[in-house]
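Worksheet: one structure, shown below.
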Amino acid sequence: MFSTNRSAAAILALLAATCVASPAMAQSAAAQSASKPAVIVMDDERIKLADIELREAAPASIARRLSVPGTIVPDSGRVSHVSVKLSGTVAELRKNIGDNVAKGEILAVLESREVAEAKSEYLSAKLSNELQQDLTARDKSLLEGRAVPEQQYIKSRNAAAQTEMRFGITRQKLMALGVSDAEISALPQAADGTLRSQNIRAPISGRIAERRVEQGTAVGRDSLETELFVIVDLSQVWVDLSVSSTDLPLVREGQTVDIALRGVAETGVGEIVFVSPLLDKETRAARVVAALPNPDGRWRPGSFVTAGIAVERRDVPVAVPFSAVQTVDGRKALFVRTKEGFEKRDVVVGRRDGPLVEIVSGLSAGDTIAASNTFSLKAELSKPGDED
């Protein structure tokens, strides 16, 4: 009986020792697993096939940005209202709404009795001036040879000054009606039937946003339509922002702005060109305007956007694309290029600025990392190994 009890006690002691030892053994195994780096074997050919972009970690300038809503609007300095300066009838329309036009291109042709009279008056004044200038030059030559009295030359010279003045006035009148210098110079060789025609040209390059008249429409003064077209140059647009009074001290002209269109991944970079000194009475916010390049026309007026105004900027020693960072086992990680492939490395991230993020620890400047398609590496890492 005593022997039996003693054997049972020995078995219980052995089981207790086993229970105590198991957690210690588990901790030791976990420590060994944590100390061993996770490596994904991958050569250059596989990296290329997986479309993984390699980037080098480097210092960068990271900004703290103030996020505000905004709306894309046309640049007011790039909107032109094409109006007529005389009475007439639309004889020809060469451009329609939506057409692209170049500066100086003919948009429409008017027929006007007013411009015909002004051109005729100009041609008459030009001819009279040329004749009188020739007479004055002849009288001067005769005066030098004492063939005419001085009084005749003085009278001729005064007449030449008057005809030159009238000629200049008729030229200015044509320019006031919208006739260009080139068209004025070509008037002496122009056909008689074209004297009543007036070309309406585009004052700027851009796109026709509105056409206000039809062919045959009477335009001009006396309560008639004077505006023919509206041309908008959208190669640069404005971003109309509303900044609260509490954030306004952080905003100033010249700051860069990241513009993001809602629902679209691409962003643009603009610059603040105006900060209103006045606050809206109801919203207590100020109007802020940023200029945004728009060479491909993707920023359409009327679109709602989100703007990130860079209010503070500092240099960081290490930054990488935000797309390179993955979450593995609850921790932020990067995949660093090695001779064998990629090594998973836990990192601590800092401030993010658009596509870049600061790496506080875990990575050094100059390390090469996987910058794109890193989710495939994360999936490769989670596959069970041969030992499983």
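Of the strands (runs of 3 or more DSSP E) that lie entirely inside region 190-263, those containing 1 or more residues that are surrounded by 13 or more Cβ atoms within 10 Å (Cβ to Cβ) and among the polar types (S, T, N, Q) span 197-201, 236-244, 256-261. Answer yes or no as to whether Ser372 is modelled with pLDDT under 90, part of a helix (DSSP H, G or I) and out of contact with any Cys (no Cβ under 7 Å at 6 or more places or on another chain). Here the answer is no, as Ser372 does not meet what is asked.
Tell me which residues, restricted to region 332-342, are open to solvent by 40 Å² or more (accessible area, probe 1.4 Å) and modelled with pLDDT of 90 or more. Break it down into steps so the answer makes sense when it comes.
Here is the first cut: in region 332-342, the residues open to solvent by 40 Å² or more (accessible area, probe 1.4 Å) are 332, 337, 339-340.
If the condition is that a residue be open to solvent by 40 Å² or more (accessible area, probe 1.4 Å) and modelled with pLDDT of 90 or more, then Lys332, Arg337 are the ones that fit.
Of the residues making up region 350-364, those that are closer than 21 Å to Val311 by Cα and open to solvent by 50 Å² or more (accessible area, probe 1.4 Å) number 4. Filtering region 75-120 to residues that are surrounded by fewer than 16 Cβ atoms within 10 Å (Cβ to Cβ), part of a helix (DSSP H, G or I) and touching a residue at least 12 places away in the same chain (Cβ under 8 Å) leaves Ser76, Arg113, Ser120. If only residues of region 32-49 that are within 30 Å of Arg351 (Cβ to Cβ) and open to solvent by less than 40 Å² (accessible area, probe 1.4 Å) are counted, the one that is modelled with the highest pLDDT is Ile47. Could you check how many residues of region 72-106 are of a type outside the set (Gly, Ala, Ser) and either in contact with a Phe, Trp or Tyr (Cβ under 6 Å, 6 or more places away or on another chain) or modelled with pLDDT under 90 (or both)? Looking only at that region, the number is 7.
Just one of the listed residues (Lys378, Lys339) is in a helix (DSSP H, G or I), farther than 29 Å from Val237 by Cβ and more than 29 Å from the chain's Cα centre (by Cα), and it is Lys378.
Test Ile184 against the criterion of being under 30 Å from Arg300 (Cβ atoms) and either touching a residue at least 24 places away in the same chain (Cβ under 8 Å) or in contact with a Cys (Cβ under 7 Å, 6 or more places away or on another chain) (or both), and give yes or no. Before the answer, list the steps.
Details: under 30 Å from Arg300 (Cβ atoms): no; either touching a residue at least 24 places away in the same chain (Cβ under 8 Å) or in contact with a Cys (Cβ under 7 Å, 6 or more places away or on another chain) (or both): yes.
Considered against the rule, which asks whether it is under 30 Å from Arg300 (Cβ atoms) and either touching a residue at least 24 places away in the same chain (Cβ under 8 Å) or in contact with a Cys (Cβ under 7 Å, 6 or more places away or on another chain) (or both), Ile184 comes out as no.
The rows are residues; the columns are (1) modelled with pLDDT under 90; (2) out of contact with any Leu (no Cβ under 8 Å at 6 or more places or on another chain); (3) not polar (S, T, N, Q).
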position	(1), (2), (3)
Glu214	no, no, yes
Gly220	yes, no, yes
Leu228	no, no, yes
Val237	no, no, yes
Pro277	no, yes, yes
Pro293	no, yes, yes
Gly302	no, yes, yes
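Considering only region 159-181, state which residues are of a type in the set (A, V, I, L, M) and either part of a helix (DSSP H, G or I) or open to solvent by 70 Å² or more (accessible area, probe 1.4 Å) (or both). Before you say what the answer is, go through the steps one by one.
First pass over region 159-181, keeping only residues of a type in the set (A, V, I, L, M): 159-161, 165, 169, 174-177, 179.
Listed by number, the residues that qualify are Ala159, Ala160, Ala161, Met165, Ile169, Leu174, Met175, Ala176.
Here is a yes/no grid of residues against (1) open to solvent by 50 Å² or more (accessible area, probe 1.4 Å); (2) more than 18 Å from Ala370 (Cβ to Cβ); (3) more than 13 Å from the chain's Cα centre (by Cα); (4) of a type outside the set (Lys, Arg):
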{"site": "Ala286", "(1), (2), (3), (4)": "no, yes, yes, yes"}
{"site": "Ala290", "(1), (2), (3), (4)": "no, yes, no, yes"}
{"site": "Gly297", "(1), (2), (3), (4)": "no, yes, no, yes"}
{"site": "Arg300", "(1), (2), (3), (4)": "yes, yes, no, no"}
{"site": "Phe304", "(1), (2), (3), (4)": "yes, yes, yes, yes"}
{"site": "Arg313", "(1), (2), (3), (4)": "yes, yes, yes, no"}
{"site": "Val318", "(1), (2), (3), (4)": "no, no, yes, yes"}
{"site": "Phe322", "(1), (2), (3), (4)": "yes, no, yes, yes"}
{"site": "Val325", "(1), (2), (3), (4)": "no, no, yes, yes"}
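Can you confirm whether Arg298 is among the charged types (D, E, K, R) and either in contact (Cβ under 8 Å) with a residue 24 or more places away in the chain or closer than 23 Å to Arg262 by Cβ (or both)? So Arg298 passes the test.
The values are calculated or read from the model by the stated rules, or taken from the named source; none is laboratory data. All values derive from a computational prediction rather than experimental measurement. In this analysis, Cβ positions are derived from the backbone assuming ideal geometry, glycine residues included, and neighbour counts consider all displayed protein chains. Side chains are part of the model used for accessible areas, which takes the heavy atoms of the whole protein and leaves out ligands, DNA and RNA. Shrake-Rupley method; radii C 1.70, N 1.55, O 1.52, S 1.80 Å.
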